[in-house]
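The structure appears right after this line, and notes come after that.
The values are calculated or read from the model by the stated rules, or taken from the named source; none is laboratory data. On a predicted model such as this, the values are computed, not experimentally measured, just so you know. Don't worry about glycine lacking a Cβ; one is built from the backbone with ideal geometry, like all the others, and counts go over all protein chains shown. Protein only, heavy atoms only, side chains kept; ligands, DNA and RNA dropped before computing areas. Shrake-Rupley method; radii C 1.70, N 1.55, O 1.52, S 1.80 Å.
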Amino acid sequence: MRSPKDFFAPLAVGAPEPLRQIPVPPSRMIHFFDPSNEKMAAKVPDIAKKVDVLLGNLEDAVRADRKEAARNGLVAIAKSTDFGKTQLWTRVNSLDSPWVLDDLITLVTEIGDKLDVIMVPKVEGAQDIHYVDRLLAQLEARAGLTKPLLVHAILETASGVANVEEIAGASPRMQGISLGPADLAASRRMKTTRVGGGHPGYLVRTDPTGEDLNEGRTTYQQDLWHYTVARMVDACAANGILPYYGPFGDIRDVVACEDQFRNAFLLGCVGAWSLHPVQIDIAKKVFSPSPEDVAWARRVIAEMGDGTGAVMIDGKMQDDASVKQCRVVAELADALAADDPELAAAYDAATKEAS
């Protein structure tokens, strides 16, 4: 590990200064598209207006014989599209693949000024981030970039989970981490073939009430990903970066998708991947605090004054810790409302009604 005094030093002569704090624009949904698919590419300008993050995918779901087309397609799209306030990300191929070096060289030198974040799959430890960190610095210097590219790791191997804390703190480029449930399930030898979400066999059962062990016993499905998401959230929070839920593969089951996204939101995630346009509105809804929650948070903050001591509001005790919780909700709401007049109006109306 680098000395603390050198942690924020550029890793190549001429590379831009690393950021001391990562920017935190809205990133409720990271919407994936295949740049080699002409139909998808044609929809990019319209979809860019609806999402917080648009990600050109070069890795899984892109066939081996389409890798170069996807890379070149992303370059063409980035050069020809005005993304406005929407962030442009990419997911490069894995570090053990024959394509990743060309991905990074081409994208940084051709469209490094348009990209915000590079998502790196199957990160196993800090060594993977260190490799990408140094290479990006060299390429940024070659391209004459003035703003450093950020790095986002995908947590999708058992080694990655075991090393998630060191991954989160491996570089000032680290923007966040996403859960990659499908590859992680395979790495762990989990017996599920689903891409994210729960499993009906992963459950708990109430105790028997009589001699018949099958009678009157209610079952409750459990969350396969609770431990991993919680550990990822802690690692990100401790290092000042952002946690995300990854993909939910059953596109038709919008109800379960919303449930999974909400579980992640409540645990501390700031967004999730959207694999289909139907999931965009789900992510936008779930990862935006409800007007009712925002109104309550603002009320508690107002009635607590300087944030010390304790008060009773509607029969519920509120104290210093309550204010900290409420500020998380209120500050997120303010950030989202700043770019969304409709959401701002809903929050203000609910606050007015509650006061």
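Amide H of Met119 versus every other amide H placed in the peptide plane: which residues, excluding those fewer than 5 positions away on the same chain, fall under 5 Å?
Counting only residues 5 or more places away or on other chains, the set is Thr90, Arg91, Val92, His152.
In the chain, with Lys and Arg counted as +1 and Asp and Glu as -1 at Cβ, which of these residues, Pro18, Asn263, Pro247, has the Cα nearest the positive end of the dipole, that is, farthest along it?
Value computed over the given set: Pro18.
Dipole of the chain, Cα-centred, from +1 at each Lys and Arg C-beta and -1 at each Asp and Glu C-beta, to the nearest 20 debye?
Approximately 680 debye in magnitude.
Which residue fluctuates most in the GNM of the chain (Cα springs below 10 Å): Lys39, Lys49, Lys122?
Among Lys39, Lys49, Lys122, the largest mean-square fluctuation in the Gaussian network model of the chain belongs to Lys39.
Which order, highest average first, do 7-17, 212-222 follow once you tally other Cβ atoms within 10 Å for each residue and take the mean per peptide?
The most tightly packed comes first, giving 7-17, 212-222.
How far, in nm, would the chain grow between His130 and Asp65 when pulled straight, counting 0.36 nm per residue and subtracting the alpha carbon separation?
My answer for the length gained is 20.5 nm.
Any idea how far apart Asp259 and Thr81 come out in nm if each label point goes 7 Å out from Cα toward Cβ?
Spacing of the two 7 Å Cα→Cβ label points: 3.3 nm.
Which percent of the accessible heavy-atom area of region 4-287 goes to carbon and sulfur, probe 1.4 angstrom?
On region 4-287, the fraction of accessible area on carbon and sulfur atoms equals 51 percent.
7 Å from Cα along Cα→Cβ at both Phe7 and Leu101: what's the point-to-point distance in nm?
3.2 nm
Looking at region 4-287 only, what percent of DSSP beta bridges run antiparallel? Nearest 5 please.
Percent antiparallel among DSSP bridges in region 4-287 is about 10.
Could you compute the FRET efficiency for His199 and Asp334, with r as their C-beta to C-beta distance and R0 at 35 Å, rounded to 0.05?
Working: r = 38 Å, r/R0 = 1.08.
After rounding to 0.05, the efficiency reads 0.40.
Just to be sure I understand the rule: take each whole DSSP H helix in the chain, project its Cα atoms onto its long axis, keep it if the span is 24 Å or more and its mean Kyte-Doolittle hydropathy is at least -0.5. Which ones pass?
126-143, 320-337
Charges at C-beta only: +1 for Lys and Arg, -1 for Asp and Glu. How large is the resulting dipole of region 66-173 about its Cα centre, in Debye rounded to 20?
Here region 66-173 has a charge dipole of around 380 debye.
Could you give the length gained on full extension between Ala42 and Thr109, defined as 0.36 nm per residue of separation minus the Cα-Cα distance, in nm?
That works out to 21.7 nm of additional length.
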